[in-house]
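*Asks:* Once you've had a glance at the structure underneath, I'll fire off some questions.
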Amino acid sequence: MRQFRLQVRVAAMILAATGAARADIIAIDPFDGALTDTFDQWNTNQAVLSLPVFGGFGALEVLSAGGAIKVEFSSTFLNDPVVPLSDMMAGQLGIAQWVFDTPLTRFGGWFENNSGASDATLEFYDASDTLIGTMIADIPVDAQTWTWNGWQSDVPFSRIVVTGNGVINGFIWYENMQADPVPAPAALTVIGGGLMLGTRRRRRDPR
């Protein structure tokens, strides 16, 4: 598993280095990912700085000073109740980031919001920590329901920063999250293709 993660990380870094860092990121319908996290494995409420996600393939981390990543049975902040779809839900109190040991091509899940303001901004970064795209998550504060948000990128991404529009840029909640990592054979193909393209470009450069 460690060798697989190293291979795909190297592939994503080489892809970015060959000039394909700017991604075509699109919104997609609900999907069943190779990785799933419902947060039901946590049997009690908690507040942490970093929460393992997707069975150890990544983490949800708080970036704001004094903030936290919460696991809750429910939230009634601002008298706006949020109840999980299953047993537990995760959420951010402050700006947060999803970080992945293995770069992803698809990411999504069900979002809720009791921050006092709708929606959130997601910034996608590749394995070399270059910003490759920004998307808006549709999370209506008055909907009183969970809303699907999902994205697909032609450039693998290793980090997503989520900034809410309400109180402390947080009180964004997550349920039944899905992710698809870069498969090892595809990653190696990317390496070969990127290196060949870079070599051809260098040969054509006049000296």
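Read-outs: derived from the displayed coordinates by stated rules, not from any lab. Quick caveat, the model's predicted, so the values are computed rather than measured. Please note: Cβ atoms are built from the backbone with ideal geometry, for glycine as well, and neighbour counts cover all protein chains shown.
*Asks:* Going 7 Å from the Cα of residue 76 in the Cα-to-Cβ direction, what parts of region 110-136 have a backbone nitrogen less than 19 Å from that spot?
*Replies:* From region 110-136, the list is 113-116.
*Asks:* How much length, in nm to one decimal, is gained on full extension between residue 85 and residue 145, taken as 0.36 nm per residue of separation minus their Cα-Cα distance?
*Replies:* Numbers: separation 60, 0.36 × 60 = 21.60 nm, distance 0.96 nm.
Computed gain between residue 85 and residue 145 is 20.6 nm.
*Asks:* First select every other residue whose beta carbon is under 14 angstrom from the beta carbon of residue 81; then total the charges, Lys and Arg +1, Asp and Glu -1.
*Replies:* Details: positive: none; negative: 72, 80, 112, 142.
Within the 14 Å Cβ shell, the charges total -4.
*Asks:* Quick one: net charge around residue 91, please, counting Lys, Arg +1 and Asp, Glu -1 for every other residue with C-beta under 11 Å from its C-beta.
*Replies:* Its environment carries a net charge of -2.
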